[in-house]
Amino acid sequence: MSNAAKATAIDPMTKLADSTTSVPPDTAGEAFASAAGPSALLRVVYVGLLVLVLAAPVIGLYPVFVMKLLCFALFACAFNLLLGFTGLLSFGHAAFFGMGAYVAGWCIKSAGWSPELGIVGGAVIGAGLGLLFGLVAIRRQGIYFAMITLAMAQMVFFFCLQAKFTGGEDGLQGVPRGKLLGLLPLETDIVMYYVVAAIFIGCFLGIRRIVTSPFGQVLKMIRENEPRAISLGYEVDRYKLLAFVLSAGLAGLAGSLKTLVMGFATLSDVHWSMSGEVILMSLLGGVGTFLGPVIGSGIVVALQDTLADKVGEWVTVIIGAIFVVCVLAFRKGVVGEVHAYMERRRARS
Amino acid sequence: MKLKTLAAAMAIGLGTVGAFAQSNSGPVRIGFVTDMSSVYADIDGPAGAEMVKWAAQDFGGKVLGRPIEVLSADHQNKPDIASSKAREWMDKENLSMLIGGTNSGTALAMSKVAAEKKRPFMAVGPGSARLTNEDCTPYTVHYAYDTVSLAKVAGTALINAGYKSWYFLTADYAFGASLEADASAVVKANGGTVVGSVKHPLNASDFSSFLLQAQASKAQILAMANAGGDFTNAMKAAKEFGITKTMKVAGLLVFINDVHSLGLNSTEGLQLADSWYWNQDDASRKFAKRFFEKYKRMPSSLQAADYSVATTYLKAVQAAGTTDADKVMTALKSMKVDDFYNKGQIRADGRMIHDMYLFQVKGQKESTTPWDYYKVVTKVPGDQAFTAVAQSKCSLIKK
Amino acid sequence: MEIFGIPLQAFLGQLMLGLVNGAFYAMLSLGLAVIFGLLDIVNFAHGALYMLGAFAAWIMLDQWGVNYWFALVLAPLVVGTLGVVIERTFLKHLYGLDPLYGLLLTFGLSLILEGVFRYQYGASGQSYPVPDLLSGATNLGFMVLPNYRAWVVVASLAVCLGTWFLIERTRLGAYLRAGTENAKLVQAFGVNVPMMVMLTYGAGAALAALAGVLAAPIIQVSPLMGSNLIIVVFAVVVIGGMGSILGSVVTGLGLGVIEGMTRVFYPEASSVIVFVVMVIVLVLRPAGLFGKEA
């Protein structure tokens, strides 16, 4: 059996988006799902998180840090839409995130757009770039797909390096927050925080809606067994492309949001290590779950930030160690492991 | 029901969360954010943080009766992290002053945060002259070197020494481009010619091709408008291909750590501009000896500048009688700096004007003690080394 | 006389340099191709292993005065053994899984290795001298080529040829190839497949380390030297076809030349040209130049 054949005929149970970490195709797209609908535990977890997000500034969590976390969580959720629910591992997602960040920054700073238009602009660019990448890459499988996305992301990086508007390695600095819809000034962190939280919650619910819709079901079928989907008559490439575009657009949105929060966009947003980080976030949190990317990004961002002033030199080593441990012992990620634990408990009782 | 309690909680909460203004009591906190773990870790890094701590200790550990605390963080060359750390410290730790380490992108981001929160930001490590030009703020001080001074010092000194034709090997990066642009301007203004230039991608591993092009140009000077790993690899290859026999090499951004890692055989005769050298006088040697005892290597000019900038700030606070940023900035811009690092003054645009030097790397035989690498070629006075007032793009300075 | 606007002399000089670099790329991607082709592991730690080889040579010289020629043999042995340890401890748990897991694990390993070395030795890098026998340069007429670079070409090509021969033409190679296609059957014939797999990863690591020793006199021995090269090397292997030894050798050489030419005509793009080529090749030939299609 040739290598290429091996790549496509992988036993689905061992694929990166392991089917045991996420929904069996016949129920509504929920982690923890049972035939009777979402479990009580799940409801509590979601409400708890919602309260936490809404009350964060009040209970003393630093708003700028939580905003940054939400932006990266959104980025990870967007990435997971492609990896966890469609089964495609892209190595170039930083391109969408970073270009969204740059374009939004430029539109708001230099073209004088209001913030919500800037965000939309970033998302549109992300989606457009996703279409471009997708058209080239979608026909390939596995590692070749990943490498094409990496190569194209490198070209985007090069473009960002050369283009004048990005400011090179100095970055696009000094992006003002402006007034939302021309009315609500976003300068204060608290106001900005609730806007970001609202956008994040909206997108999160949007992703859930996509995954649980019939379209999402087809995506899952493609992930599980692509030849069967083809034999059933689905235009698999079109579905994959659409998933790619959606994922890229949301990543672009996350990037634009981040520019608005932090006030700048820099080359580290389009660097391939950013693509690696989002893979780590998804893996750590649990590929193919809804909360997984959120938890995973929370852990990674918190680690980088808190370790920055304590053990600065060791941050990369710790991240490397997390990768290793995750792949060896923790493949389902935090949320996936919890789900598996619940399943075992249910099976025993 | 849940919603009402939530809303009530929010209302109370929002009321108590006020603006994070700077308070004038409690410890005086100095923050230091730099690259601690990547390419610039040796020239600044954790040792730089320690220098700030030494300065605080040597100052007596207290200023205006308040204890001095030093916070440090690794920005991992990510402006996101630098900016959020700066914000967090200013909002939650009542940071009095922020010192910016290497990497211009992070420094620009932090200077904006500092301007927004009204705290002094003193940049030591970054090279971008934008900090005191297009992006100047009333709270930013650019203390050690910048790309303009490096270019001017190397350019004028070498042209005056008779090296009229130049070829640039430039890192394809904003700072590389500005080094080349500034140096070319100086060369042309002084009657020299730029025979050609080539841009190489950052972190290129092989320079042989670019060097061959440089050699073919037959220029007298090969100017390296790059830094760090790119500079050391290019320098090594230049020696290997015999370029150093026919062209004089000028490094536009070279630190003593680079020379040390290359060794004198590869770097003999190299011309470089810098703001300080450990062996330049007794006071510097004293500082260097103390550094060497702890780190087993000599300090770079940035590490010396870290010590100096902290001391200067503390003196300004003492003179102003408060840590209030506006008053401290006024004190900083009116006092004279005179310590082992350098003598000079901070200008209205935030640029610290001090002397710069053109050094030449000694040969193996001339070097008598470990790390005895440089000899002074010329000293360029501050008003000639940095951006002239007339050319400044900063609105704070009156032309 | 001019070619494409530059003098013939200069053109030939750049071509020569491109070939030198290409031979080096070929050698470096060889180990990666061997590991993927035979073991289905996407070894992202390859850059770190290359760095370890260079550091091993430097440490041996610095601490024990072991010279270059011994280092050429010893460093690959040391790193190869480490490779075997890595395979036994980490990688063997991943067989049968999606190869992308192997990629993520080896990526994590590379971060750890580089971080530790960076902490210990700093980022500036260390200098490794060119061995006396190979110092100096030869005037080829159109350019002066340092002797050491000529040696790199010769050594790389020799190693590439040797490895290709070993895998494609000998019985050991046949066992290896058979073992990765159908381990159970080969094992039933009495061949110790797990041992072979372990040694193969070790050999791949040794090849990376050998490239590191070859590189040490040319570029600074720094903990970051591998991460700068790793994605280019990956690109070479992918373009050549992920299982094909011949593919990565030919692609390495070709890419060295293409990159060299780019350095003359559009130097800023010389680091991204690899990726442009990769996209073009993968669109036209989905499994790479010499890869086998399903």
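What follows is calculated from the coordinates using simple rules that are stated; it is not laboratory data. This one's a predicted model, so the numbers in the text were calculated from it and none came from an experiment. Cβ: placed from backbone, ideal geometry, glycine included. Neighbour counts: every protein chain shown.
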task = First measure r as the distance between the Cβ atoms of B:ARG285 and C:TYR266, then evaluate 1/(1 + (r/R0)^6) with R0 = 45 Å and state the FRET efficiency to the nearest 0.05.
result = 0.40
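Taking the radius of gyration and the Kirkwood hydrodynamic radius from Cα positions alone, what is the Rg/Rh ratio for the stretch B:190-328, to two decimal places?
1.11
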inquiry  = If amide hydrogens are placed 1.01 Å from N in the peptide plane, which non-local residues have theirs closer than 5 Å to the one on B:VAL141?
reply    = B:PHE121, B:MET122, B:ALA123
ask   = Suppose every K and R has +1 on its Cβ and every D and E has -1 on its Cβ; what is the size of the dipole of the protein assembly as shown about the Cα centre, in Debye to the nearest 20?
value = 940
ask   = Among rounded, prolate and oblate, which fits the stretch C:136-294 when a ≥ b ≥ c are the square roots of the eigenvalues of its C-alpha gyration tensor, a/c under 1.5 means rounded, and a/b larger than b/c means prolate?
value = prolate
Magnitude of the charge dipole, chain B, Cβ model with Lys/Arg +1 and Asp/Glu -1, debye to 20 = 540
message = Which log10 I(q)/I(0) values does the stretch C:81-230 give at q = 0.15, 0.18 Å⁻¹ under the Debye formula, counting every alpha carbon as one identical point scatterer?
response = -0.98, -1.19
ask   = Is the shape of the stretch B:29-75 rounded, prolate or oblate, going by the alpha carbon gyration tensor and its root eigenvalues a ≥ b ≥ c, with a/c under 1.5 for rounded and a/b larger than b/c for prolate?
value = prolate
query = What lysines could a cross-link reach from B:LYS286, if we take a straight Cα to Cα line under 19 Å and drop same-chain neighbours fewer than 8 places away?
reply = B:LYS53, B:LYS294, B:LYS296, B:LYS343, B:LYS375
ask   = What angle do you read, to the nearest 10 degrees and between 0 and 90, between the alpha-carbon axis of helix B:325-334 and the longest principal axis of chain B?
value = 40
key: At 1.002 mPa s and 20 °C, Stokes D of the stretch A:212-269 from Kirkwood alpha-carbon radius, µm² per second   = 160
task = Compute the length gained on full extension between A:LEU184 and A:VAL51: take 0.36 nm times their separation in residues and subtract their Cα-Cα distance, giving the result in nm to one decimal.
result = 45.5 nm
task = With a cut-off of at most 16 other beta carbons within 10 Å, and DSSP calling the residue loop, which chymotrypsin sites (Phe, Trp or Tyr not before Pro) in the stretch C:112-153 qualify? Please list them.
result = C:PHE142
note = Karplus ³J(HN,Hα) for the stretch C:55-64 (6.51 cos²θ - 1.76 cosθ + 1.60, θ = phi - 60°; Hz, whole; x = Gly/Pro) runs 5, 4, 4, 5, 4, 4, 6, 5, 8, 10
Order of C:PHE234, C:PHE275 under a 10 Å beta carbon neighbour criterion, fewest first = C:PHE275, C:PHE234
key: Hz values of 3J(HN,Hα) by residue in the stretch B:279-296 - Karplus curve (6.51, -1.76, 1.60), Gly and Pro given as x   = 9, 7, 6, 4, 4, 5, 4, 4, 4, 5, 4, 4, 5, 4, 4, 7, 9, 6
query = If you take the C-alpha gyration tensor of chain B, multiply each eigenvalue by 5 and take the square root, what semi-axes do you get, largest first, in whole Å?
reply = 39, 23, 20
task = Could you check which residue among C:LEU94, C:LEU282, C:LEU185 shows the biggest mean-square fluctuation in a GNM of chain C with a 10 Å Cα cutoff?
result = C:LEU185
key: Estimated FRET transfer efficiency when R0 is 25 angstrom, pair B:SER23-A:ILE59 (beta carbons, to 0.05)   = 0.65
query = Hey, in the protein assembly as shown, which Cys have no second cysteine's beta-carbon closer than 4.7 Å?
reply = A:CYS71, A:CYS77, A:CYS107, A:CYS160, A:CYS203, A:CYS326, C:CYS160
message = Just to be sure I understand: with springs between alpha-carbon atoms less than 10 Å apart, which residue in A:LEU284, A:LEU219, A:LEU180 has the highest mean-square fluctuation in the Gaussian network model of chain A?
response = A:LEU180
task = Mind checking which lysines have their Cα closer than 18 Å to the Cα of B:LYS92? Skip sequence neighbours fewer than 8 apart in that chain.
result = A:LYS68, A:LYS310, B:LYS112, B:LYS117, B:LYS118
key: Qualifying lysines (Cα of each under 24 Å from Cα of A:LYS240; at least 8 residues distant if same chain)   = A:LYS6, A:LYS15, A:LYS220, A:LYS332
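Assuming a ≥ b ≥ c are the square roots of the Cα gyration tensor eigenvalues, decide whether the protein assembly as shown counts as rounded (a/c under 1.5), prolate (otherwise, with a/b larger than b/c) or oblate.
oblate
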inquiry  = Under a Cβ-only charge scheme (Lys and Arg +1, Asp and Glu -1), can you give me the dipole magnitude of the stretch A:34-348 about the Cα centre, in debye to the nearest 20?
reply    = 980
remark   = Any helix of chain A counts here only if DSSP assigns it H throughout, its Cα atoms span 18 Å or more along the axis, and its mean Kyte-Doolittle hydropathy is at least 1.6, and such helices are A:40-55, A:63-86, A:115-137, A:142-162, A:189-212, A:315-329
task = Report, to the nearest 10°, how far helix B:208-217 tilts away from the longest principal axis of the Cα atoms in chain B, using its own Cα long axis and a range of 0 to 90°.
result = 60
request  = With an 8 Å cut-off on Cα pairs and a minimum separation of 6 or more residues, tell me the relative contact order of chain C in percent.
outcome  = 37
query = For the stretch A:296-349, what is Rg from Cα atoms divided by 2.2 N^0.38 Å, rounded to two decimals?
reply = 1.47
inquiry  = Taking each residue in B:111-119, count the Cβ atoms of any other chain within 10 Å of its Cβ, then average. What number comes out?
reply    = 2
note = Neighbour-count ranking for C:CYS160, A:CYS77 (other C-beta within 10 angstrom, fewest to most) reads C:CYS160, A:CYS77
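Can you sort B:PHE291, C:PHE165 from fewest to most other Cβ atoms within 10 Å of each residue's own Cβ?
Ascending number of Cβ neighbours within 10 Å: C:PHE165, B:PHE291.
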key: DSSP bridge orientation in chain B - percent antiparallel, rounded to nearest 5   = 35
task = Provide the per-residue ³J(HN,Hα) series for the stretch B:159-165, in order, calculated from phi with Karplus coefficients 6.51, -1.76, 1.60 and θ = phi - 60°, each as a whole number of Hz, with x at glycine and proline positions.
result = 4, 5, 7, x, 8, 9, 10
remark   = So for R0 = 30 Å, FRET eff. of B:GLN384-B:GLU134 from the Cβ-Cβ r, to 0.05, ends up at 0.85
key: With Cα atoms, 0 to 90° folded angle of helix C:273-284 axis to chain C main axis   = 50
query = Just B:THR147, B:THR102, B:THR244 to compare: in a GNM of chain B, with alpha carbon springs under 10 Å, which one fluctuates most?
reply = B:THR244
ask   = So what is log10(I(q)/I(0)) for the stretch A:34-348 at q = 0.10, 0.12, 0.15, 0.16 1/Å, when the Debye sum runs over its Cα atoms only?
value = -0.56, -0.81, -1.27, -1.44
